[in-house]
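Notes for the one structure printed next.
Values quoted throughout were computed directly from the atomic coordinates according to the rules given, and no laboratory measurement underlies them. None of the values given here were measured: they were computed from a predicted structure. Note: ideal-geometry Cβ built from the backbone for every residue, glycine included; neighbour counts use all protein chains shown.
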Amino acid sequence: MIAETVCAAVSAAGLGIAAITAYRKRFLRATRIAAYALVPLGLVMTGVVQWMADTAFSPTAWAGFGVLGAAWLLFMTTRAVERRRGVTGKDSAASGAGAIAAAASAPSLGQGTRPEARPATAPKASASGSSGADDFSDIEAILKKHGI
């Protein structure tokens, strides 16, 4: 009952301030103040204030908040442990009982042809057959030629 009275008084005071602001020809600001002033009255009329008051003084509601807090704490603890171990969401899902078989990724219409893997080749030497350290000698010669 007291909460409803306080909200009604706040709304009335806000509407009074909005009226004074509109009298001073600041209509946009007055409209904004009136909108803020009507919020507490709307909350009282919809029953939100009564519900909040009932929740604030209810031991069952506070026990529910405690259970939610415990669930959140457990969730965050498991996330921290996963991060410390270096396990990502994909790794933990693949190691579970419902892991997907390796053949499941094969195409359903047939195996098809796969391109052959390229053999690893050594890096090509320069045209003169010199090593990698001599490759910079060409660059150094060009820089010296231009006086750099």
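Please list, by residue number, everything in segment 9-32 whose backbone N is under 12 Å from a paramagnetic label point 7 Å out along Cα→Cβ of residue 38. Zone members listed by number: 15, 31-32. The phi torsions of segment 57-63, fed into the Karplus equation with coefficients 6.51, -1.76 and 1.60 and a -60° offset, translate into couplings of 9, 9, x, 5, 5, 5, 5 Hz, rounded to whole numbers, with Gly and Pro shown as x.
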